[in-house]
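Shown next, in structure tokens, is the structure this report addresses.
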Amino acid sequence: MSINVLCVLLALLLASTYGFFPMWKNLLTHHRHWDGRYTYRNGSSSLYNCSLYVAALGDSSFLILTAEHLNIDLTIDPQDDTTIHLHEEAVWSKDKYFQNHTDIKISGQFVSDHQYYIFLGNVSSAEEENFATMALRPRGFLSTVTRHEQSHLNYGLVYGIPLSCAAVLMICGMLIIYWSMRKGYIRSLSWSYKNFHNSPEESSAPEPALKLSSRDEPESVA
């Protein structure tokens, strides 16, 4: 019985440890490099290359943005399941249009067009709102998995693997108990009170003799 309880607790522990992550975290976990382009909203139609690299993801998450006119570190500020805000943390280089902009902020969202996962973002600063836009895709990855299908996959991984492990452990525990009983390492005990009785030694003990008083003795018949 204790083995079964242990298996259930193990399954719950695994499920809580590998619980549901938001969509943005799943994407950044599986795709560390994102490539794309950005453009300025100043009437120019020029497109410039840029890329995002996930340097760390956890309690202190940050990304590295490498662009044609910008190279900075960004921290992640989650908003919901698919929306994140990226804030300027450290500046390595700025030139051209970015020179007069401080506190760069990228408000982006992960969307799916049933072929790719795309990160679409608006670039703002302390001096100007939404002065540039960018679009990035996972490097070398053509995603045909929709968000609905990805959700089913998450359910299968989160609950399927722990429950399968728990079932295997329960079966192994039952087999070990059965083998131990066959070998005599574990004795089977009766669970019903009526099955408990005195040992033969105790039941064969002589009964004490009864002493009769004089008044209890039968009268003699003349």
| request: From (1) modelled with pLDDT of 90 or more; (2) farther than 20 Å from Leu63 by Cβ, pick out the condition that doesn't hold for Leu153. | output: (1)
| note | Within the stretch 31-41, the count of residues that are of a type in the set (Phe, Trp, Tyr) and modelled with pLDDT of 90 or more comes to 2
| So, in the stretch 80-115, of the ones that are aromatic (Phe, Trp, Tyr) and without any contact (Cβ under 8 Å) to a residue 60 or more places away in the chain, which residue ends up nearest to Pro22 (Cα to Cα)? | Trp92
| message | Looking for something under 17 Å from Ile118 (Cβ atoms) and small (Gly, Ala, Ser) - is there at least one such residue anywhere in the stretch 35-47? | response | yes
| request: Filter the stretch 83-97 for residues that are more than 21 Å from Ala56 (Cβ to Cβ) and either basic (Lys, Arg) or in a strand (DSSP E or B) (or both) and give the result. | output: Lys94, Lys96
| said: I'm checking my understanding of the structure. Among residues of the stretch 44-65 that are in contact with a Phe, Trp or Tyr (Cβ under 7 Å, 6 or more places away or on another chain) and hydroxyl-bearing (Ser, Thr, Tyr), which one is farthest from Leu136 (Cα to Cα)? | reply: Tyr48
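Out of the residues in the stretch 98-134 that are outside any strand (DSSP E or B) and buried (at least 18 other Cβ atoms within 10 Å of the Cβ), which is nearest to the chain's Cα centre (by Cα)?
If we take residues in the stretch 98-134 being outside any strand (DSSP E or B) and buried (at least 18 other Cβ atoms within 10 Å of the Cβ), then Ile104 is nearest to the chain's Cα centre (by Cα).
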| Which of the residues that make up the stretch 53-75 are at pLDDT 90 or above and either crowded, with 17+ Cβ neighbours inside 10 Å or over 27 Å from the mean Cα position of the chain (by Cα) (or both)? | Val54, Leu63, Ile64, Leu65, Thr66, Asn71, Ile72, Asp73, Leu74
| request: Give me a count of the residues in the stretch 42-52 that are at pLDDT 80 or above and either of a type in the set (Gly, Ala, Ser) or surrounded by 13 or more Cβ atoms within 10 Å (Cβ to Cβ) (or both). | output: 6
| message | Need the failing condition index for Leu136 against (1) hydrophobic (A, V, I, L, M, F, W, C); (2) modelled with pLDDT of 90 or more; (3) touching a helix residue (DSSP H, G or I) at 6+ places or on another chain (Cβ under 6 Å), just the number. | response | (3)
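The values are calculated or read from the model by the stated rules, or taken from the named source; none is laboratory data. Quick caveat, the model's predicted, so the values are computed rather than measured. Counting neighbours? That spans all protein chains shown, and the Cβs are built from the backbone with ideal geometry, glycine included.
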